[in-house]
1. Could you work out the per residue convex hull volume over the alpha carbons of the range B:93-243, in cubic angstrom?
2. Quick check for me: using +1 on Lys/Arg Cβ and -1 on Asp/Glu Cβ, what's the dipole size of the range A:195-261 about its Cα centre, in debye to the nearest 20?
3. Please compute the modelled spin-label separation between A:ALA12 and A:LEU168, points set 7 Å along Cα→Cβ, answer in nm with one decimal.
4. Given a Förster distance of 35 angstrom, what is the FRET efficiency for B:LEU91 paired with B:ASN117, based on the Cβ-Cβ distance and rounded to 0.05?
5. Per residue of chain A, what 222 nm ellipticity follows from adding -39500 (n - 2.57) for every DSSP H run with n ≥ 4, rounded to the nearest 500?
6. Figure the gain on full extension for A:GLU357 and A:SER232 (residue separation times 0.36 nm, minus the Cα-Cα span) and round it to one decimal in nm.
7. To the nearest 20 Debye, how big is the dipole of the range A:315-365 about its Cα centre, given +1 on the beta carbon of each Lys and Arg and -1 on that of each Asp and Glu?
8. Per residue of B:9-18, how many C-beta atoms from partner chains lie within 10 Å of its own C-beta, taken as a mean?
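Any read-out appearing in this document is the output of simple, stated calculations on the displayed coordinates, not a laboratory observation. Bear in mind the structure is a predicted one, so any value in this text is a computation, not a measurement. Virtual Cβ from ideal backbone geometry, glycine too; neighbours counted across all protein chains shown.
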Amino acid sequence: MSAIAIGYVLFAPISENLTEQIYFMNWAIYISMYGVFFYHYPLKNISKWSVNAPISKEGLISFNIIFQFFKIFVTLGLLSLVLTVEFHLFKDNFYIDKLNDNILVFKDIFISKKESIIKTKFLPSDYFLAFFIGASFIGAFLFNVAPYGTFQQRIITWDNTKNSVLYLFKNHPILSSLFIFFIFSLKWIVQSRPILGGLFFFLLSLLVIKTYDSILLFSRRFQFFLVSLAVSTSILSSVFLWQYSLLIQKGFPLTETEKIKEEVFLGKNIFEEDPIGKLHSLLSNPEICKDDINSLVRLYRKMDLPEDKKLFEKKDAMKNLIFNKKECGFFTSLKLIPKIESLSVDKKLKILNKVLELLPPGSSATGVETLNKIPPKFFNKKDIGILLSTKNFYAQLSAMLLMKDIPEQLVLDLLRFNIKKISPLLKGRLRDLVIEKSCIIFTGSVENFLEKKVISYCRKGRSVSSILPRPL
Amino acid sequence: MGIVNLQNIKKNYFFLNVLKDISLNLEAGKFYGLLGENGAGKSTLFQIIVGLERPTSGCVKLFNKNLESFPSELKTEIGIISEKIELDTPLSMEKFFNFYRKFFQKWNQSLFDEIINHQKIDLSKPFKKYSRGQKMQMVLAAELSKSPKILLIDEITSVLDVYSRLFYLKKLEDFKENGGTIFLTTNVITEVENHLDHIFIIKNGKIIFNGNKDDIQKNKCPLDKKPLSLEVFFSRLHAPEKEDNNNDQAA
């Protein structure tokens with residue numbers, strides 16, 4: 001209530017209109033809810049006197065969890081109430097309308113499930129793991145002794161860590177050896193995402209248990225029970241994540257790359273024996289598209305394997321990796337070519353012919369869009385003459401685009417020489433180019449009184465031949 | 001076996017041995033005092049007894065039940081008074097005590113009112129608005145009114161003023177006469193000396209004296225005419241090491 005009062009009354013004089021006023025009020029409400037939520041963790045205070053009262057520690061933990069749930073419902077309820085009231089009071093306001101739209105979209109996606117993303121697609125295991133880790137983290141944050149309980153209670157401090165490690169090494173050599181073994185086996189564990197998820201969940205649970213223990217001081221039996229619970233739920237989490245991936249693999253029509261990603265998620269090293277060969281065979285699939293190519297390459301690069309540049313050292317690499325692709329995978333595959341700038345002109349022309357085959361030209365503008373999909377280093381000023389002399393629309397267009405920065409006379413000579421070969425679709429661009437280049441020549445060479453006249457010709461877009469020193 | 005029984009309690013903070021193999025037994029109806037220099041391990045031992053600290057090894061039994069598996073219902077029989085006990089709620093103390101007393105069947109409201117009125121404590125404020133001494137008095141009043149079987153008290157003497165100390169020592173005497181047991185840790189020896197039935201002296205994490213006033217007199221020098229006071233006995237127990245320390249420093 002005070003947030004509404006502060007937001008509405010106090011900020012009213014500095015807001016220019018109703019929208020701003022609602023903005024201010026909502027900010028005040030969000031901030032106050034943050035305050036209500038994160039500064040009302042009563043367990044620590046209760047623990048200071050409950051030691052004298054017949055209250056069980058299990059009861060205190062349950063109370064804390066129920067209290068947090070209560071807070072979540074209350075804060076969300078209040079927020080919904082405020083938004084509903086705002087919607088009814090200021091229905092015509094732009095901001096409220098926008099806010100309402102967002103709520104409707106959210107409702108369509110997550111509640112009514114009208115939107116296609118929920119209906120038809122599945123959540124890949126990697127994203128599911130991220131969701132699982134995020135949810136565990138937020139859970140540990142919400143249902144802890146205090147919002148930053150682990151740090152407030154100084155569970156993780158440099159001195160504690162140092163002393164624990166030293167103590168462990170001195171007094172428990174077997175445990176220390178196991179610990180070292182664990183550290184070295186982490187690399188292997190990390191390969192399998194379900195185990196990683198379970199391990200994360202376990203460590204998070206341990207931190208929460210330790211934080212509760214620092215306040216309530218559990219008996220060893222209860223500690224053992226909680227740690228066992230953490231171990232079993234972590235194992236169950238791993239199994240659950242594992243099963244989730246298997247379920248996806250069995251229950252959905254996955255692409256090859258999606259299948260591979262699921263296998264990698266489960267810890268399978270698909271690039272084990274001949275990494276480059278395997279990647280080559282996967283990328284040789286003519287059906288493979290942009291996202292799959294990117295995912296595969298990203299997956300490969302993460303694995304500390306030989307550089308993927310070596311892909312093109314394989315026999316028929318260009319044919320398998322580039323020329324057999326459909327439009328959806330062709331341009332992404334081009335990005336895999338190492339040192340694309342040093343490709344021979346013949347190869348470049350082959351590539352541009354493939355572009356022509358995949359995307360027959362419509363206009364100069366769409367042509368530019370297509371060329372933008374090719375890595376910029378592919379185009380070289382040295383190749384302008386050859387590119388212009390071909391009958392390939394894209395080659396000619398790329399040459400014209402490259403001409404912008406080369407000497408004017410050379411441009412005009414090249415154009416004059418190849419004028420008959422230039423695609424009719426490029427005539428407009430050719431005309432513009434000639435006018436642009438010719439004007440520059442004239443401004444530098446004619447008498448001052450003529451200068452304005454020539455420029456005005458340019459502006460009017462007079463015929464090309466009348467402006468050029470020698471007609472084309 | 002007594003009300004409180006400690007067997008071979010050890011407490012280490014990593015490489016620091018704070019308590020070294022401590023065993024003691026508290027019988028019903030007696031006033032026990034735990035004395036020791038600062039840093040001797042008094043508070044650690046107290047916290048282990050009340051369950052605010054976990055021993056590294058050893059066993060603590062209250063009412064013949066292991067502290068680890070101590071049923072929460074039995075907490076009505078124990079009153080813990082320490083600066084660590086805070087009745088920290090946003091409620092006024094009056095409201096809090098109205099809520100708190102419902103936990104205890106044997107709550108003695110007239111005793112509570114008597115203490116609060118005698119000490120002129122205004123219960124209309126929340127706990128954090130009171131001074132240290134007032135906070136301690138409210139905890140004392142509440143724990144005495146619970147009518148527990150044992151009171152475990154940590155260092156009240158240093159927090160309360162002289163007048164209040166005497167008042168509460170009188171109340172503790174009454175509590176003892178009604179069959180209650182008191183375990184008190186303190187640094188102010190002279191004021192509690194006459195009330196104590198049994199004394200533990202702790203030094204460097206070890207109990208170096210465990211006996212009553214008669215046992216103290218056994219340590220009296222034959223030439224001493226006056227009876228040996230607890231304060232003198234305590235300082236004698238600690239003197240040699242201090243001299244040694246001085247010698248070490250001089251060296």
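1. 144
2. 160
3. According to this spin-label approximation, the distance is 6.0 nm.
4. 0.95
5. Here the helix-only value at 222 nm equals -21500 deg cm²/dmol.
6. Between A:GLU357 and A:SER232, full extension yields an extra 39.1 nm.
7. Its charge dipole is roughly 160 debye.
8. Across B:9-18, the average partner-chain Cβ count within 10 Å equals 2.
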